[in-house]
1. Can you tell me which residues in the stretch B:117-134 are facing chain A (nearest Cβ under 9 Å) and open to solvent by less than 50 Å² (accessible area, probe 1.4 Å)?
2. Against the condition in a helix (DSSP H, G or I), open to solvent by 40 Å² or more (accessible area, probe 1.4 Å), outside the structural domain of B:Tyr138 (by TED's automatic domain parsing) and in contact with a Leu (Cβ under 7 Å, 6 or more places away or on another chain), how does B:Lys70 come out, does it pass?
3. Would a scan of the stretch B:82-92 turn up a residue that is part of a helix (DSSP H, G or I), in contact (Cβ under 8 Å) with a residue 40 or more places away in the chain and closer than 21 Å to B:Met1 by Cα?
4. Checking the conditions here, which among B:Ala21, B:Ala37, B:Ala42 is open to solvent by less than 50 Å² (accessible area, probe 1.4 Å), away from DNA strand C (no atom under 12 Å from the Cβ), more than 30 Å from B:Ala187 (Cα to Cα) and not assigned by TED's automatic domain parsing to the domain that holds B:Leu116?
5. Taking only the stretch A:1-54 into account, find how many residues are assigned to a helix (DSSP H, G or I) and either hydroxyl-bearing (Ser, Thr, Tyr) or within 14 Å of another protein chain (Cβ to nearest Cβ) (or both).
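The values are calculated or read from the model by the stated rules, or taken from the named source; none is laboratory data. On a predicted model such as this, the values are computed, not experimentally measured, just so you know. Cβ: placed from backbone, ideal geometry, glycine included. Neighbour counts: every protein chain shown. Areas reflect the complete protein model, heavy atoms only, side chains present, ligands, DNA and RNA absent. Shrake-Rupley method; radii C 1.70, N 1.55, O 1.52, S 1.80 Å.
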Number of protein chains: 2
Amino acid sequence: MPKDTFFNLPDDKRERIIEAAIDEFAQRSFHDARVTAITNQAEIAKGSFYQYFEDKKDLFKHIIEIAVGKKIEYVNQDMMQNMQDYGFFQLLRELYLSGVRFAKEHPRLVAIGMQLLSNQELYYEVFGTHAEKSYAFYEDLLRKGMADGELDPAIDIVLASRLLTMFNYALVDFVYEDGKVDLDDMAIIDKMLYIVENGIKRR
Amino acid sequence: MPKDTFFNLPDDKRERIIEAAIDEFAQRSFHDARVTAITNQAEIAKGSFYQYFEDKKDLFKHIIEIAVGKKIEYVNQDMMQNMQDYGFFQLLRELYLSGVRFAKEHPRLVAIGMQLLSNQELYYEVFGTHAEKSYAFYEDLLRKGMADGELDPAIDIVLASRLLTMFNYALVDFVYEDGKVDLDDMAIIDKMLYIVENGIKRR
DNA sequence: ATACAATGTGACTATAGATTCATATGAATG
DNA sequence: CATTCATATGAATCTATAGTCACATTGTAT
């Protein structure tokens, strides 16, 4: 956690530091990211940085917390409160939608997340509990859908939860690296959900 | 490309270097990987390394070429030769199967590939053409399946090709990080294909 | 106004790691 | 044997960066 001095800072300076950090971590892996680049861009002295943070990792963890917070803002809060009122595929659609909106509006945070995904050690240190929560959430969703008779009883819930997570990544990836797939977001989400629902086999 | 001196080396020394490099690159990202660790493990002098390779990237590219070559060995060659004789889902099953067998037997190469996936710049420099080939291959497969009437005509081929690639990653990931999902490989592949074919909706 | 605390500063230190280079070794050639 | 060529070596160089520290400035309470 950043030191108190950091939270005592005038808002604009604190924000400059956060902005600079997001820029740097979005472009480079944790190890490659340079404290110097951050202090330069934020126009603070190197020494000041260490008044605010224990070290580079301390700042990084803080950025991840910010990203997680922002991400949560994007999921439909009404939906989360009144899950019973939504069907499984409606819920899934809302979730994917929020993921896409988030990626569109915070591409740098998505980039940081992607990076983190590939650094196992850091990932578990920084993100472990969040990740588990996310899997558990999908599993609960699937179990509920199954109980309500919306889902094929033959599917394996654990496996399906991983696949739904993967689909979410795939979706974010399409939107994030724009131009790769050339459809508007809604159309992508709908086509994707169609495949999740029905598979690709002719019937 | 490594220098001639490298290819002139006695087999056992050359292999020691490759082994050490695979070990190091499997554990650390390209940037984090240390030439020193490789020369130490291979028991060659630091200077010798630069007799064999232009630089660290030169070796890395070579390792990727080796991995790609090994990966290709694992796909059923009979299948590749006689595609017409296989149905779409049979072909897909064979492909996934080869992916899983490869991951089981060469976990370090898989780890290197995973790492690479997350370094856009390096990825395109080292792997770009391979990746495009892989997408194109799935697209062709889907087009053929569509033409043969095995697939739902409503699905978007480009999107589906990305999803099939994602499924492949998911599969490798399950097998690779063993214990995460607790089913034997065949069962995972079959359950996964079931979802690809039919979706998860109750019918 | 004075003193004490909190914050700011950037030159300095420490470390790690890639790459180079002068020199050594040894095998092949004439 | 002397010379040349290919290869081996590790100390030295170079570069990049994280993190520290002694001192400077600012803010605040009495």
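1. Correct list: B:Ser118 only.
2. Taking the combined requirement at face value, the residue satisfies it.
3. Checking the stretch B:82-92: not a single residue is part of a helix (DSSP H, G or I), in contact (Cβ under 8 Å) with a residue 40 or more places away in the chain and closer than 21 Å to B:Met1 by Cα.
4. Answer to the check: B:Ala42.
5. 9
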